[in-house]
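Below: one structure, written as structure tokens.
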Amino acid sequence: MQTPQIKKGQWIFRIRKYDPITSRTIEMPYISLGKKQHVTRAQARERARLVERVKKDIINGDEFSFPWQNEDGELAIKSYTLIQGSKEWLEHKSKSVKKSTVEIYTLALYHFIQYMGEKVPIDQISTCSTDAFRDYLVDKGYSKSSINCWLRPIKSMFTYFYDHDLIVKVPKIKQLKEPKRRPTYITDDEFQSIVELVGIDSFYAKVFWFYRETGCRLNEPFMGNLHGPWLVIPNSSKGGVEREIPLQKELITIYGELTSWYFNSSFKKEGRGTHLSKMFKKCLRKIGADEMKSFHSLRHTFAVRKLLENVPIYKIQRLLGHASVQTTEIYTKLTLRRVKIDFPTIVQNQLISMENSDTWGTNSWGTFEPNENFTDERMNR
């Protein structure tokens, strides 16, 4: 759609038509959208949209009388409050994103509305307002990653308001700079120490091993289905990519125990995965592991071990369910010498042919040779 223009103190909408006889574009008389002093840019865009709907009829010679041409400012534009606008945006987003994502959006809006107030008009929220909100979250002691996680949907919401002509300008929302973190993994010694902890239930030891060997995210085993020796994770998982994970006989047995525990546990359903995560974190603390390590580190461990086994990067990408191989390449930034020390068992069992370098660069994937254990046709699709 053409953007409304200002001419002699009024908003106008130009209509052009193609003349097949002269092979030229002819500009028709412009249509007034109202005086600038009475009509906002948002109102002008809304009026232009109404004209656009009957543009073909105007070109064909039909005449129209628009409401605002009789009395300026007659076209009503909704003046949304923050609570009204946020509800509309959240309802719009809930149709296209996962439930867990909606929950993150809801929490972000909760913080934003708590700070700004429910009844503040959305067109009065400026860059200064969003900057002050960000500083407020910092003063509250929230982490940079959490703050940025909440700022992103708020920026998306204001873009939605702008696209629907509810505001004239999108306020700038600057995120905090976060230090780049390398993925944390669980070394062979650390994992063995966890398994040998006095008092740890053998069930949890097997479950932790299952996650390390499959690279599953915390809740993915309970979303997937077993098809023969393959665990199929649906595209509703994070990343939006359906994937198949090969399971050995022992892993299939553990998967059965894990899902049975999950669906029959006395814990509330939403807290069952969290329970596993907390149990693993408790074990990490007992063995004195780095505080940055967590349950998700088991997934990182899976990726690092596959790299050491010479599994091609694109197969690791598919096993992890990454939408882009660039996400997978973060593991190539780890120091090879350090990783070899941390996983002596794999190093002893695998003949690793790589360039003599301290780090795996993005271009080093060419040095990897396919592993014979990963020649299954389903993995090569």
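Readers should treat all values here as calculations from the given coordinates under stated rules, not as data from a laboratory. This one's a predicted model, so the numbers in the text were calculated from it and none came from an experiment. Neighbour counts run over all protein chains shown; Cβ positions are idealised from the backbone, glycine included.
Modelled label positions at E103 and Q37, each set 7 Å beyond Cα in the direction of Cβ, lie 5.6 nm from each other.
A P(r) calculated from all alpha carbon pairs of region 241-352, with 5 Å bins opening at zero, reads 2, 9, 15, 18, 20, 20, 11, 4, 1, 0 percent. Given the pairs K177/K293; K87/K315; K140/K306, which span a C-alpha to C-alpha distance of over 31 angstrom in this model? In this structure, K87/K315; K140/K306 exceed 31 Å between Cα atoms.
If you take the Cα centroid of region 256-281 and the Cα centroid of region 101-167, the two points sit 33 Å apart.
Packing here is the average count of other Cβ atoms within 10 Å per residue, and on that basis the peptides 302-313, 30-41, highest first, run 302-313, 30-41. Computed extension length for S277-K144: 45.7 nm, one decimal, from 0.36 nm per residue of separation with the Cα-Cα distance subtracted. Counted residue by residue at 0.36 nm each, then reduced by the alpha carbon distance between them, the extension gain from F222 to D201 reaches 5.5 nm.
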